[in-house]
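Undergrad: Sharing a structure, written as structure tokens. Questions coming.
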Amino acid sequence: MAIIGAGPAGLLLGQLLLRQGIDAVILERHTAAHVLGRIRAGVLEPGTVELITRAGCDRRLRAEGLLHGGVNLCFGGERHRIDLVGLTGGKQVTVYGQTEVTRDLMDARAAAGAVTHYEAEEVSLHDFDGPRPFLRFVRDGAERTLHCEFIAGCDGFHGISRPSVPESAMETFERVYPFGWLGLLADVPPVNEELIYVNHEDGFALCSMRSPTRSRYYLQCPAEERVENWSDERFWDELRRRLDPEAASRLTTGPALEKSIAPLRSFVTEPLRFGRLFLAGDAAHIVPPTGAKGLNLAASDVHYLSEALIEHFCDGSSAGLEAYSSRALARIWKAERFSWWMTSMMHRFPEVGRFGRRIQRAELEYLVSSRAAATALAENYVGLPY
């Protein structure tokens with residue numbers, strides 16, 4: 001098995017296969033340090049935690065992950081808690097940074113002696129529409145060839161896997177949002193023990209965390225905004241202004257460890273299989289981060305793909321491989337819908353006007369007053385069944 005991309009999707013797939021005695025080589029164009037330097041999501045669905053457990057990489061997650069039984073929506077200057085545990089029959093999410101997930105998977109792979117080629121340059125995919133696919137790449141100045149039975153493209157939205165497929169063989173669906181998220185990471189205690197999603201007249205805000213002493217905050221900003229325009233002081237002042245009074249009074253500020261702006265988009269490509277090439281994770285789909293689905297959706301792809309590959313290599317059946325694309329896409333589109341809905345409800349859209357703002361407010365008021373509506377949010381937030 002050849003896996004392109006040493007992010008969480010590729011590493012998790014490699015580890016699940018390794019535990020079944022299936023050889024998988026990973027190619028990654030960046031250094032390991034660069035991969036670990038990516039600041040990404042940190043809210044894990046129970047299904048994602050279970051997959052990491054199956055991969056044998058859950059020791060630190062169990063010890064350091066923060067269990068959250070609720071999530072908070074703030075609008076009109078008031079905060080409302082959605083009881084995830086009570087609405088989903090006991091399910092919780094776990095706050096554990098993507099960087100830490102990646103580190104745990106990297107350590108397990110290194111301990112097993114599995115092969116990962118970092119700084120693999122000029123990767124190209126060949127003959128994946130036939131029975132003998134192979135990859136070419138350059139490492140340490142030498143061109144190499146990797147022969148394999150299947151290729152898993154887990155190399156993200158800007159990777160080489162999806163562009164290697166002829167455009168005529170796929171269909172893409174996309175929406176680019178007219179704003180981004182300005183994120184700040186700081187070693188300060190979180191303003192609240194659970195996440196706070198804020199709908200404010202001047203734009204969305206999110207209060208999240210990575211640990212009891214490290215916080216991650218976001219502000220909606222114009223898509224063309226530049227991070228250089230935002231001093232730490234300006235960021236903290238604007239965040240405080242968008243919070244409810246009680247949370248604002250408890251906000252602890254400090255110097256930024258990292259500050260960046262992430263664009264928001266929804267994107268899906270269909271199908272996910274092209275001969276012996278399978279797409280998974282951000283190579284196949286992107287969701288706006290509002291619903292905390294990016295990493296979790298990549299994990300569900302890996303669930304379906306690893307099951308199918310194990311069935312093929314261990315049982316000699318191709319049924320799972322034939323069904324991979326349709327099974328994964330069914331869950332992908334439900335997660336895309338939820339992420340789009342959360343984004344539409346919580347952000348300020350420049351084109352909707354006063355009527356649109358009233359509709360947002362009415363939807364939020366209905367959501368926090370109706371158990372049925374809150375249950376729909378909670379079920380999607382903790383993750384739909386595989």
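Undergrad: For the stretch 106-122, which positions are outside any loop (DSSP other than H, G, I, E, B), in contact with a helix residue (DSSP H, G or I) (Cβ under 9 Å, 6 or more places away or on another chain) and crowded, with 16+ Cβ neighbours inside 10 Å?
TA: Within the stretch 106-122, Met106, Ala108, Arg109, Thr116 qualify.
Undergrad: Check whether at least one residue in the stretch 316-323 is modelled with pLDDT of 95 or more, among the polar types (S, T, N, Q), surrounded by fewer than 23 Cβ atoms within 10 Å (Cβ to Cβ) and within 18 Å of Met1 (Cα to Cα), and report yes or no.
TA: yes
Undergrad: Picking from Arg103, Arg136, which residue would you name as being at negative phi, of a type in the set (D, E, K, R) and in a strand (DSSP E or B)?
TA: On the way: Arg103 fails: in a strand (DSSP E or B).
None of the other options fit; the residue is Arg136.
Undergrad: Which fully enclosed strands (runs of 3 or more DSSP E) of the stretch 199-296 have 3 or more residues being of a type in the set (A, V, I, L, M)?
TA: Passing ranges, in order: 205-211, 256-270.
Undergrad: If you take the residues of the stretch 145-165 that are under 25 Å from Phe267 (Cα atoms) and touching a Phe, Trp or Tyr at 6+ places or on another chain (Cβ under 8 Å), which of them is surrounded by the most Cβ atoms within 10 Å (Cβ to Cβ)?
TA: In this case the residue turns out to be Ala152.
Undergrad: Further question: In the stretch 139-155, which residues are in a loop (DSSP other than H, G, I, E, B) and modelled with pLDDT of 95 or more?
TA: Cys148, Glu149, Phe150, Cys154, Asp155, listed by residue number.
So that you can scan it fast, the table gives a plain yes or no per residue for (1) farther than 27 Å from Leu44 by Cβ; (2) modelled with pLDDT of 95 or more; (3) touching a Phe, Trp or Tyr at 6+ places or on another chain (Cβ under 8 Å):
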| residue | (1), (2), (3) |
| --- | --- |
| Ser231 | yes, yes, no |
| Leu243 | no, yes, no |
| Pro255 | yes, yes, no |
| Ala262 | no, no, yes |
| Val268 | no, yes, yes |
| Phe278 | no, yes, yes |
| Thr290 | no, yes, yes |
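Undergrad: Go through the stretch 29-44 and give me each residue that's surrounded by fewer than 24 Cβ atoms within 10 Å (Cβ to Cβ) and not polar (S, T, N, Q). Before the answer, list the steps.
TA: Going residue by residue through the stretch 29-44, those that are surrounded by fewer than 24 Cβ atoms within 10 Å (Cβ to Cβ) are 29-41.
Once the filter is applied, which keeps residues that are surrounded by fewer than 24 Cβ atoms within 10 Å (Cβ to Cβ) and not polar (S, T, N, Q), the stretch 29-44 yields Arg29, His30, Ala32, Ala33, His34, Val35, Leu36, Gly37, Arg38, Ile39, Arg40, Ala41.
Undergrad: Which numbered condition trips up Phe128, out of (1) part of a loop (DSSP other than H, G, I, E, B); (2) out of contact with any helix residue (DSSP H, G or I) (no Cβ under 6 Å at 6 or more places or on another chain); (3) among the hydrophobic types (A, V, I, L, M, F, W, C); (4) under 24 Å from His34 (Cα atoms)?
TA: (4)
Undergrad: Turning to a different aspect of this structure: Just give me the residues in the stretch 240-284 being surrounded by 14 or more Cβ atoms within 10 Å (Cβ to Cβ) and without any contact (Cβ under 8 Å) to a residue 40 or more places away in the chain, in sequence order.
TA: Within the stretch 240-284, Arg240, Ala248 meet the criteria.
Yes/no per residue for (1) of a type in the set (S, T, N, Q); (2) within 25 Å of the chain's Cα centre (by Cα); (3) over 20 Å from Arg265 (Cβ atoms):
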position: Asn199; (1), (2), (3): yes, yes, yes
position: Leu206; (1), (2), (3): no, yes, no
position: Met209; (1), (2), (3): no, yes, yes
position: Tyr218; (1), (2), (3): no, yes, no
position: Ala223; (1), (2), (3): no, yes, no
position: Val227; (1), (2), (3): no, yes, no
position: Arg234; (1), (2), (3): no, no, yes
position: Asp244; (1), (2), (3): no, no, yes
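Undergrad: Check off (1) loosely packed, with under 14 Cβ neighbours inside 10 Å; (2) in a strand (DSSP E or B); (3) of a type in the set (Ser, Thr, Tyr) for Ser168 and give me the number that stays unchecked.
TA: For Ser168, the failing item is (2).
Undergrad: Note down all Cβ pairs under 6 Å where the first residue falls in the stretch 123-145 and is without any contact (Cβ under 8 Å) to a residue 24 or more places away in the chain, the second is loosely packed, with under 14 Cβ neighbours inside 10 Å and acidic (Asp, Glu), and they're at least six residues apart or on different chains.
TA: Pairs that qualify, where the first residue is without any contact (Cβ under 8 Å) to a residue 24 or more places away in the chain and the partner is loosely packed, with under 14 Cβ neighbours inside 10 Å and acidic (Asp, Glu), are Val138/Glu121; Val138/Glu122.
Undergrad: Given the condition modelled with pLDDT of 95 or more, assigned to a loop (DSSP other than H, G, I, E, B) and outside the structural domain of Arg242 (by TED's automatic domain parsing), answer yes or no: does some residue in the stretch 182-197 qualify?
TA: Scanning the stretch 182-197 turns up no residue that is modelled with pLDDT of 95 or more, assigned to a loop (DSSP other than H, G, I, E, B) and outside the structural domain of Arg242 (by TED's automatic domain parsing).
Undergrad: Can you confirm whether the stretch 81-99 contains a residue that is outside any helix (DSSP H, G or I) and over 30 Å from Asn199 (Cβ atoms)?
TA: Initially, the stretch 81-99 is screened for residues outside any helix (DSSP H, G or I), giving 81-83, 89-97.
If we keep only those that are over 30 Å from Asn199 (Cβ atoms) too, we end up with none.
No, the stretch 81-99 contains no residue that is outside any helix (DSSP H, G or I) and over 30 Å from Asn199 (Cβ atoms).
Undergrad: Scan the stretch 191-213 residue by residue and report those that are closer than 30 Å to Arg354 by Cα and either out of contact with any Lys or Arg (no Cβ under 9 Å at 6 or more places or on another chain) or of a type in the set (Gly, Ala, Ser) (or both).
TA: Listed by number, the residues that qualify are Leu195, Tyr197, Gly203, Ala205, Ser208.
The values are calculated or read from the model by the stated rules, or taken from the named source; none is laboratory data. In this text, all values refer to a predicted model and were calculated from it rather than measured experimentally. As a convention, Cβ positions derive from the backbone with ideal geometry for all residues, glycine included, and neighbour counts pool all protein chains shown.
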